[in-house]
Amino acid sequence: MTDDLTDDASRPELPVRKWRPAMLWLFAGFAVFAYVFDQLTKLWVTSTMTEGERIPVLPPLLHWYYIRNSGAAFSIGENVTWIFTIVMAGVSVAILLQLRRLGSAWWALSLGLLLGGALGNLTDRLFREPSFAMGHVVDFIQVPNFAIFNIADSAVVSGVVIICLLTLRGVGMDGTRQVAAPKSAKPAKPAPGSGGETVGE
């Protein structure tokens, strides 16, 4: 999954790449995968475990620990559930509005994971107890010295990390890469005693 990016030191920015419909399908595939995987794992947890139950998987590194979280990812902000519902809905809309610029497979991956994860937790917010838009998210993955989380949280964080790496590398959403302009050559220093003239052949 690579992009045909060519570095050209003679110009600061490459021509804008035309949007490719294939990137939309790639984006949709990653988004659907993250969303379905998240919802299936939550269905499995709620149907096979009781809230508060803890099952060792790879002790002491990994346990399944079923809790319901009223806060954001990794149990942040548990007393303002409705705010996170609005934020996740806004993030989802913002991603969809940017799709016409999409021309990079890596951006398709990152935005797909981000959207799928956001929609996964948004579904919990909207349709789980205690009420509409105030629902508690199902979390069940527990690792040492870290908050309990779920697949949607993992997808969101993975998407954000990839976006940060792409930004640091100068890869735009349309697949073009920002290239630093070449440094101008330094003038030759005059030789001592030459009256300021440069020495050459």
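For this structure, a couple of remarks:
- Summed over segment 135-144, the residues that are buried (at least 20 other Cβ atoms within 10 Å of the Cβ) and in a loop (DSSP other than H, G, I, E, B) give a count of 1.
- One residue from GLY52, GLY71 being out of contact with any helix residue (DSSP H, G or I) (no Cβ under 6 Å at 6 or more places or on another chain) and modelled with pLDDT under 95: GLY71
- Taken over segment 116-134, the criterion of being touching a residue at least 24 places away in the same chain (Cβ under 8 Å) and either assigned to a helix (DSSP H, G or I) or open to solvent by less than 50 Å² (accessible area, probe 1.4 Å) (or both) is satisfied by GLY116, GLY117, ALA118, LEU119, GLY120, ASN121, LEU122, THR123, ASP124, ARG125, LEU126, ALA133.
- Among the residues of segment 145-166, those identified as more than 15 Å from PHE30 (Cβ to Cβ), surrounded by fewer than 23 Cβ atoms within 10 Å (Cβ to Cβ) and at pLDDT 95 or above are CYS164, LEU165.
- Meets criteria (open to solvent by 20 Å² or more (accessible area, probe 1.4 Å), under 15 Å from the mean Cα position of the chain (by Cα) and at pLDDT below 90) for MET88: yes
- Of all residue pairs spaced 6 or more apart or on separate chains, those with beta-carbon atoms under 6 Å, a first member in segment 162-177 that is part of a strand (DSSP E or B) and a second member that is surrounded by 19 or more Cβ atoms within 10 Å (Cβ to Cβ) and aliphatic (A, V, I, L, M) are ARG177/VAL171.
The values are calculated or read from the model by the stated rules, or taken from the named source; none is laboratory data. Please read these numbers as outputs of a predicted model, since none were measured by experiment. Here Cβ is always computed from backbone atoms with ideal geometry, including for glycine, and neighbour counts include all displayed protein chains. Surface areas here come from the heavy atoms of the whole protein model, side chains and all, with no ligands, DNA or RNA. Shrake-Rupley method; radii C 1.70, N 1.55, O 1.52, S 1.80 Å.
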